[in-house]
1. Inspect all residues belonging to segment 203-211 and state whether any of them is within 24 Å of Y133 (Cα to Cα), surrounded by fewer than 17 Cβ atoms within 10 Å (Cβ to Cβ) and among the small types (G, A, S).
2. Identify all residues within segment 397-414 that are buried (at least 22 other Cβ atoms within 10 Å of the Cβ) and within 21 Å of the chain's Cα centre (by Cα); write none if there are none.
3. Restricting to segment 259-282, name every residue that is touching a residue at least 60 places away in the same chain (Cβ under 8 Å) and over 17 Å from L342 (Cβ atoms).
4. Got at least one residue in segment 324-331 being under 18 Å from V278 (Cα atoms), at pLDDT 90 or above, part of a helix (DSSP H, G or I) and out of contact with any Leu (no Cβ under 6 Å at 6 or more places or on another chain)?
5. Report, by residue number, each residue of segment 159-191 that is touching a Gly at 6+ places or on another chain (Cβ under 7 Å) and either among the polar types (S, T, N, Q) or closer than 13 Å to L25 by Cα (or both).
6. For segment 170-194, enumerate the residues that are small (G, A, S), more than 15 Å from G35 (Cα to Cα) and outside any helix (DSSP H, G or I).
7. With the structure loaded, tell me whether P266 is over 26 Å from G135 (Cβ atoms), buried (at least 22 other Cβ atoms within 10 Å of the Cβ) and touching a His at 6+ places or on another chain (Cβ under 9 Å) or whether it fails that test.
8. Is one or more of the residues making up segment 245-256 free of Cβ contacts under 8 Å to residues at least 12 places away in the same chain, farther than 25 Å from V42 by Cβ and touching a helix residue (DSSP H, G or I) at 6+ places or on another chain (Cβ under 9 Å)?
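The values are calculated or read from the model by the stated rules, or taken from the named source; none is laboratory data. Computed from a prediction, not measured in an experiment: that's the story for all the values here. Please note: Cβ atoms are built from the backbone with ideal geometry, for glycine as well, and neighbour counts cover all protein chains shown.
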Amino acid sequence: MTNTARAPIEDRPHPQAQRRILIVLVAAQVLSGAGLAAGVTVGALLAQDMLGSTSLAGLPSAVGTAGSALAAIAVGQISQARGRRPGLAAGYLAGAVGSAGVIAAAVAGDAVLLFLALFVYGAGTATNLQARYAGADLAAPAHRARAVSTVLVATTLGGVVGPNLAAPTGDLAHSLGIPHLAGPFLLAGAAYAIAALILAVWLRPDPLLLARTLEAERAAAAYAQAAYAGGRPYPAVEGRRSGVLVGTLVMALTQLVMVAIMTMTPVHLHDHGHGTAVSGLVIAIHIGAMYLPSPLAGWLVDRYGRLTIAAASALALLAAGIVAANAPGHSVTLFAAALALLGLGWNLGLVTGTAIITDAVPPATRARTQGLVDVSIAIAGAAGGVASGLVVAAAGYPLLAIGGGVLALAIVPAVVAAARGR
């Protein structure tokens, strides 16, 4: 009698599709990393220059992350309905439009237009993050974190190069009659637009749509097998719900702490006499640490478990806060070390949380749920951005840094409770 049993979906041969998808995502992420980093480097300084107030310097980050919250919903909904390709391409295109708006606002000296444009620009950040889910759609569960890390690490090249182009793009902008601090947004607009084009043309097959097809086949086979055995398969709904909550908490807390400290570090350096080039170098090191450890983080998460590495991310963020709070104003080296630890803690939290969420949600509802999760992350980032300027104005940068590190420790009891629940 011929054996007609079908192999598990994750063991079926679709490596070529996954490999092609990862290559296209990597190319787009390199570009989007440059667009993302450009705004991070000078956004707070541009607002401080236009508004003349340090206490409001955290607003660009807050407005941008608020825009990314709305964009996360939009990208998630488009991806849910039509697939990852149109969703991600639309998000990057919106980021390019926002970059053009920032340049126009700087030329006109219009603060209201600046914040409106930064709100739209935030779509690029949301899309850059949502691309990691596309890398995991077709990955086997045992290799899911490594697939996420492949997409994340691609952002490193653009993220490191982008801030170091702050001075040259500023000079280019000045030669074109554009304010110097708006120069990096020339790079951001071009990078986001090209990333959108790459995804729209080459992200085929669509990873989410293919994952849904494979999942539907698996579910049909499982149902038929259970029916033959006289039973009926039921999804582990409660386990999925708790997984979504834990994954969201890990990523939201790491985002809040990272954004708060990162946003005010260039302002703190500027207040101690350091120029744009120094701020760009420190932010470049930070963004490199946000993405470069991704392959190691993915391996650690798959090897030692999601919850263990989530706790490690909290400890890395605490260390970052301690170093930043105690760094003398003249010590660029210590600030670079602090922001490297900050980036590492964020990376561990993001890779872990993404793997937890993807494990917990089936392809049929995955994009919508992931979009809503990223809204929570964006809101946390917006809160960190708003609070950062206010805390620094009222109590100083050291208190912001140490307070953020202590707040990150809230991840530890959450993962301990989740481990006990399991």
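1. no
2. Across segment 397-414, the qualifying residues are A401, G404, G405, A408, I411.
3. Matches in segment 259-282: H270, D271, T276, A277.
4. Yes, there is a match, as at least one residue in segment 324-331 is under 18 Å from V278 (Cα atoms), at pLDDT 90 or above, part of a helix (DSSP H, G or I) and out of contact with any Leu (no Cβ under 6 Å at 6 or more places or on another chain).
5. Hits for segment 159-191 are N164, T169.
6. G177
7. yes
8. Yes, there is a match, as at least one residue in segment 245-256 is free of Cβ contacts under 8 Å to residues at least 12 places away in the same chain, farther than 25 Å from V42 by Cβ and touching a helix residue (DSSP H, G or I) at 6+ places or on another chain (Cβ under 9 Å).
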